[in-house]
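Visitor: I am attaching a structure below and will ask some questions about it afterwards.
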Amino acid sequence: MKKSENYQGFELGPIRPPSEASSLLLRITRNCPWNKCKFCGLYKGAKFSIRPVDHVIKDIDMIKQIIDEILKIKEQPGGGTTQDLVSLHRGRFESDPMVFHSALNWVHSGMQSIFLQDANTMVIKPDRLVEILEHIQKCFPQVERITTYARSHSIARISDENMTRIANAGLNRIHIGMESASDEVLDFIKKGVKKEKHIIAGQKVKQAGIELSEYFMPGLGGEKYSEANALETADAMNQINPNFIRLRTLAVVEGLPLFEDYQSGAFTKIGDVQMAEEILLFLENLTGISSTLKSDHILNLLQEVEGRFPDDKEKMKAPLQKFLDMESREQLVFIVGRRTGNFSKLEDMNHPQLLKNAEKLIETHQITSDNVDNFATKMMMRFI
């Protein structure tokens, strides 16, 4: 008989999507059940486990208790004081500061959304997930959005009936890391899923009435599969028509299996110029969809590549084409300016001081077209 797990207090996982910055984070599972992708080091060496439902319920109840106390303070004349909140923390919740700050931050953010952690909540049994969702709805009926990460492989195994139950219980957005729909790329990076399964899972989520965010990782195919990465992923997106397509530029992190492939020559990285070419090819082949494209990650070179299909397609292609049409020196200046945080978008090159800063960095670090990709990689590692 399996030994029951003792409750150790409120838990938080390590990540959430940037779009969930204002969400309350509730940990349902720990780490990743697959944990074999060559490019990802987030959970390496960490054992996957599912938290008992009653532990998650305790987390939710603690959050509600604290929020009720905070709201009582805010209802006081003048809205209460900072000292009142400090006293509440020290008097009642000092032993678990993480749960207190999670509740307080969520109150300040408006209490509209909740994100269920970690990497694949959909791996748990549907009955258990429904129980958690229903308790969330009972405690926080004002919540507008409950979201989670999921793997296509896990989604594809859930019956349509259970997907509908989960949707009716309140889960209304799922983030899936497609990364690529090229079977060659998926096999090489050990994603543990094929293009066909990506499509089945995506369509299943949409059919259940749940919003879907699919992630595309430019550069994941390296030089060899760059074209396939763009074309096959665009084809899968066209068949799914997700609500959101999110760009996540590849970073090859030292110490991971993909970095070892890079060192051995089995994987050839592409630089920012080739990355822009790949994204442009991807966009050109997205057809018949109404998805919103988001470039909401700091590793993306051109964060202004955003909009909704089909109306904004040409607008989204324009910055990529403008960058690719630049002289090599201009491209070099923009890459250095963007990767060092001096530029946030192409039009920042029209700002004399920002342009001067980028030029100075090029001179100081002796950056050329031959070494700019290595410099860009070093700058990107600051955010990994």
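Each value in this text was obtained by applying a stated rule to the coordinates, not by laboratory testing. Remember, predicted model here, so these are calculated numbers, not experimental data. Every residue, glycine as well, gets a Cβ built from its backbone with ideal geometry; the counts of neighbours run over all protein chains shown.
Visitor: If we count other beta carbons within 10 Å of each Cβ, what is the order of ARG165, ARG128, fewest first?
Guide: Fewest to most other Cβ atoms nearby, the residues stand as ARG128, ARG165.
Visitor: I would also like to ask the following. With unit charges on the beta carbon (Lys/Arg positive, Asp/Glu negative), name the residue among MET349, SER369, PHE383 whose Cα is farthest towards the positive pole of the charge dipole of the stretch 328-384.
Guide: PHE383
Visitor: For a bin width of 5 Å, list the pair-distance distribution of the stretch 1-53 built from all Cα-Cα distances, rounded to whole %.
Guide: 4, 15, 22, 22, 21, 11, 4, 1, 0
Visitor: As a test of the definition: which semi-axes, in Å, follow for the stretch 147-212 when you take the square root of five times each eigenvalue of its alpha carbon gyration tensor? Largest first, please.
Guide: Gyration-tensor ellipsoid for the stretch 147-212: 23, 11, 9 Å.
Visitor: Something else about it: To test your reading of the geometry: what angle, between 0 and 90 degrees and rounded to tens, separates the Cα axis of helix 352-365 from the longest principal axis of the chain?
Guide: Helix 352-365 sits at roughly 80 degrees to that axis.
Visitor: As a test, work out the antiparallel percent of DSSP beta bridges whose residues both lie in the chain, rounded to the nearest 5.
Guide: 15
Visitor: Here is a further query. If you average 1/r over every pair of different alpha-carbon atoms in the stretch 251-384 and take one over that average, what Kirkwood value in Å do you get?
Guide: The Cα-based Kirkwood calculation yields 16.0 Å.
Visitor: Label LYS36 and ASP296 with points 7 Å out from Cα along Cα→Cβ: what is the distance between them in nm?
Guide: If labels sit at LYS36 and ASP296, their model points lie 3.2 nm apart.
Visitor: Another one. How would ASP296, ASP118 line up from fewest to most surrounding beta-carbon atoms within 10 angstrom?
Guide: ASP296, ASP118
Visitor: Something else now. Find the cysteines in the chain that fail to meet the 4.7 Å Cβ criterion with every other cysteine, and list them.
Guide: CYS32, CYS139
Visitor: Right, another one. So which aspartates and glutamates can LYS36 reach, going by Cα to Cα under 13 Å and dropping same-chain residues fewer than 8 places off?
Guide: ASP187
Visitor: Where the convex hull is taken over the Cα atoms of the stretch 18-327, what is its projected area averaged over directions, in nm²?
Guide: 18.4
Visitor: Moving on to the next point. Can you give the Rg to Rh ratio of the stretch 328-384, both from alpha-carbon atoms, with Rh computed by the Kirkwood formula?
Guide: 0.94
Visitor: Restricting attention to the alpha-carbon atoms of the stretch 113-189, what are Rg (one decimal) and Dmax (integer), both in Å?
Guide: Computed over the Cα atoms of the stretch 113-189, radius of gyration and Dmax are 13.9, 46 Å.
Visitor: Measure nothing but the geometry: give the 0 to 90° angle between the long axis through the Cα atoms of 272-284 and the longest principal axis through the Cα atoms of the chain, rounded to 10°.
Guide: Value to nearest ten degrees: 70.
Visitor: If you wrap a convex hull around the C-alpha atoms of the stretch 151-297 and split its volume per residue, what is the figure in Å³?
Guide: 106
Visitor: For helix 53-74, what angle does its Cα long axis make with the longest principal axis of the chain, in degrees from 0 to 90 and rounded to 10?
Guide: It is inclined by approximately 80 degrees.
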